[in-house]
Every structure is written in C-alpha cells, then in structure tokens.
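Peer 1: Let me give you the structure first, and then I'll get to my questions.
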Amino acid sequence: MTPPGRPLMDHTDQEVVLEARKGKERAYRELVRRYERPVFSLIFRMVRNRELAEDLSQETFIKVLNAIDSYRPEFKFSSWVFKIANNAAIDHLRRRELDTLSLDGSPHAVTPEAIEATALQISDHQESPLDYVQATELGGEIEEVIAKLRPEYRTCILLRHVDGRSYEEIAEILNLPLGTVKTYIHRARNELRIALEHLRQ
Amino acid sequence: MRTTRPHLSADELDAVHETALPADIRTHLADCAACFEMVRTDQDLVAALKRLPHLDPSPGFVDRVMARVVIPAYGIRTWPQRILASRRSLATAASWTVVIGGAMMASVLWSLANRDLLMGWGDQLLTEGTRLFWLGFRSTAAALTEQPWYQELRIIVTSPGRLAAVLAGLSVAFGSGVLAFRHLVAIPARAVRDANW
Ligand SMILES: [Zn+2]
C-alpha cells in the first residue's frame, strides 16, 4: 500500500509500480520520468547514434510498462529496466556486427569510388562522439575511448562509474557472476587508463 | 624504509574508491611510486567518469512512450475490486448472479416437489448398476478360465516356491519402472537462465 498524501515523486520505485498496476497513468509517467535520462544515456553511449538511441529507449520503456504486471518485486526495478535497456542495445550491436561487411563498403562495389561512396553512406548515420556535448577535453576523450571498449566492458564501466550502480546490481542486470563483473570493470579501467595516458603528459 | 607487502591487487585498487584505506596500504603507497601513480591515475579516471553528464532524450519522450503503452482497464488486483470497478462490470456480475442463483433455486424447488419421482429414478439406477456389474464380472471370469494359459497359472499360484519367484520378478520390474519414471519427470537442477525476459 502506498502512503496517502505524498506526491508520487517521493514514493519508492516499488510503490510507484504498485500504483501503475492499479492502472494509474500518472504512475506510468513517473516511472518513465525517473529512468529516461539514465536509460537514454546508457543506450546512447552503447550505440552512439541519437536517433537510434531514442528508438531503443522508447522500445525499452514500452516493453517495461506493457509487462508491468509480470515484474517480479524480488528484483530491483532499476535492474529490470537496465537489463531490458542493455539487451536492446546489445541486440542492436550484434545485428550491426552481422552487417559489418557492408560497413567498410559494399561487397558489390568494384571501383574505389563506389567503395568510398557506399562506406560514406553508412558512416553518415554515425554521430560524431563530440557532437552532443560541449565536454571538457578529458570528458570528450573519455567518451571516445569508452566507445572503443568491448560492449560488455562498456556496459559495466558505464553502470559502475557513470551511474554508480553496485557490483551486485550490475551482476543482476547482466546475468553474470560477481567475479566476472569485477574483472570486466578492472580490465575496462586498465584499458581506459592506457588509452588516456597521453593526456597526462 | 621500504614496505615488504606486495603491490596493490585489483581488489585493493578497487577499495581505494570505496572505503578508507587500511594502514598497510597507506604505508605501501607512501613508499611505492608505481602503486601511487596507478592509484592517482585510477582516481582521476573514476572522477572523470563520474563527471560525464546524463543525456536527455528529445522533448516529449514520455508522451511518445505513453502513446504506445496499453494501460489495462482492470489494473486492479482483487476480484471484488474488479467487479466494483465500473457500472458495466457490476451489471455483468449482477446478471450472472441472477442467472446462476435462479437456476439453483429452481432446481432445489423442483426436487422438493418431485421427491417420489427422484427416489424412483435412484432405485432404478442402483438396481440396473448392480445387475450390470455382476454380469460383467461373471463374463470376465468365464473368459479367463477358458484361456489356454489358465491351468499353468493355477499351478504357479498353488505352489509357494513358484509364487515367490514370480512375485520377486514382478517386484523388481515394478521397482525399476518407478526409478525410470522418477528420472523422467525429475525437475532440472539448474534454473533456466532468462526464462522470464
Ligand atoms: Zn606497489
């Protein structure tokens, strides 16, 4: 039961979910409002394309809200949302990996000009890593090197150090053993440190 | 003075971000330039990661999501609440109550008014049932004694040694059958991953 008289934004996630299950649209909106920024940020940093990140974020929330009745309260609500968001991003990256052949130019293109044209066509869709934020030099550089990490390292480092999620929650989100999550985060930090070393000189 | 403890492990490096450092690590960091430099760059990195901004989706995101979400009309858990949710559900529930309650009442009244007829039907059913049961039993027994293997079976059953051997054989067969069945219907020990989403 939710305590009466308190504005919805002061309720815990679990309480808002209960309200949503009673069919209250306000509660649905509150859940989206709470998680739109972290979910969009995570997905954007995974797929690096604003339009696509919007689509995948929308897909995430539609999935979450339409299945609100099947949400199991023994999980943290945030873990459930991030799990679905991460799955959406990873699925997209896998599909894109399958299309990698055409990324470097169509296999059917024979002349160098044709190869260049088909390759450009695709890279036009990619947003420059620095377009979306007037970041500091370090911030911008970090965004770029994060983008070069393996997807599983990327999710781990973003959830841990950008979102401040605990190791346990990350393990739950990614369905990985705790030890694996720790290893991924150490390796990711090592790779980032090495990649950013030149900035310290 | 140099410390004798080894360089920081990955877990210890991690602890640098979480908690106050134990004395031995502090001493080591004061003495070991390599670990000190690693901790410093790691701390800078984590601080920079924390400063990365959360990004906003374009305005109207919530509305675009809500346009594609179906909020169930029965978003209410218990069935009394579902019945009371709208006039229509209340009317439906009332109609069903009238139909089912009326039918039950009518059948009770009819039974009370026609007790003799019902008793007659009951007696007739009982007599017929008993007759059919004995008829079936007798014909089965007759068919059995006419089988060619009936005499052999009689011999086995009347000799205690043979009977014991047959019973032992049957028990073994039954036991292995039960074991095989248990194995077939056993629940897998490992949970199915991602079964829910
Ligand atoms: Zn050291």
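Peer 1: Taking trypsin sites (Lys or Arg not before Pro) that fall in a DSSP loop and have at most 14 other Cβ atoms within 10 Å as cut points, what is the longest piece of chain B between them?
Peer 2: Answer - B:78-189.
Peer 1: Take B:ASP11 and A:ALA147, extend 7 Å from each Cα along the Cα→Cβ direction, and tell me the distance between the two endpoints in nm.
Peer 2: Spacing of the two 7 Å Cα→Cβ label points: 3.7 nm.
Peer 1: A further question follows. Between B:LEU21 and B:ILE71, what is the FRET efficiency for a Förster distance of 56 Å, r being their Cβ-Cβ separation, to the nearest 0.05?
Peer 2: Efficiency computed from Cβ-Cβ geometry: 0.65.
Peer 1: Between B:ARG154 and B:ALA106, what is the FRET efficiency for a Förster distance of 45 Å, r being their Cβ-Cβ separation, to the nearest 0.05?
Peer 2: About 0.15, to the nearest 0.05.
Peer 1: Spelling out what I want: for every residue of the stretch B:108-124, take phi, set θ = phi - 60°, compute 6.51 cos²θ - 1.76 cosθ + 1.60 (Karplus), and round to whole Hz; glycine and proline get x.
Peer 2: 4, 4, 4, 4, 4, 6, 10, 4, 4, 4, 4, 4, x, 4, x, 4, 4
Peer 1: Bin width 10 Å, origin at 0, all Cα-Cα pairs of the stretch B:1-54: what percent of pairs per bin?
Peer 2: 23, 52, 19, 5, 1
Peer 1: Can you list, largest first and rounded to whole Å, the semi-axes you get for the stretch A:15-72 by taking the square root of 5 times each eigenvalue of its Cα gyration tensor?
Peer 2: The answer is 24, 10, 9 Å, longest axis first.
Peer 1: Report the label-to-label distance for B:ALA168 and B:ASP63 in nanometres (one decimal), using points 7 Å from each Cα along the Cα→Cβ vector.
Peer 2: 8.7 nm
Peer 1: On to the next question. Taking Cα centroids, how far is the stretch A:21-44 from the stretch B:96-159 in Å?
Peer 2: Each part reduced to its Cα centre gives a spacing of 64 Å.
Peer 1: Sticking with this structure for a sec: What is the stretch A:10-99's relative contact order, in percent, from Cα pairs under 8 angstrom and six or more apart in sequence?
Peer 2: So the answer I get is 30 percent.
Peer 1: Also, quick follow-up: At a probe radius of 1.4 Å, figure out the A/B buried accessible area, summed over both chains, and give it in Å² to the nearest 100.
Peer 2: Rounded to the nearest hundred, the buried surface is 4400 Å².
Peer 1: Continuing with the same structure: With a ≥ b ≥ c the root eigenvalues of the C-alpha gyration tensor of chain B, is it rounded (a/c under 1.5), prolate (a/b larger than b/c) or oblate?
Peer 2: In terms of gyration-tensor shape, oblate.
Peer 1: Determine the sum of side-chain charges near B:ALA10: Lys and Arg each +1, Asp and Glu each -1, restricted to other residues whose C-beta is under 14 angstrom from that of B:ALA10.
Peer 2: Working: positive: A:ARG160, A:LYS182, A:ARG187, A:ARG189, A:ARG193; negative: A:GLU191, B:ASP11, B:GLU12, B:ASP14, B:GLU18, B:ASP42.
Within the 14 Å Cβ shell, the charges total -1.
The values are calculated or read from the model by the stated rules, or taken from the named source; none is laboratory data. Every value quoted in this text rests on a predicted model; they were computed, and no experiment measured them. Quick reminder, even Gly has a Cβ in these numbers, built from the backbone with ideal geometry, and neighbours come from all protein chains shown. The protein model used for the area step is the full one, side chains on, heavy atoms only, and it has no ligands, DNA or RNA in it. Shrake-Rupley method; radii C 1.70, N 1.55, O 1.52, S 1.80 Å.
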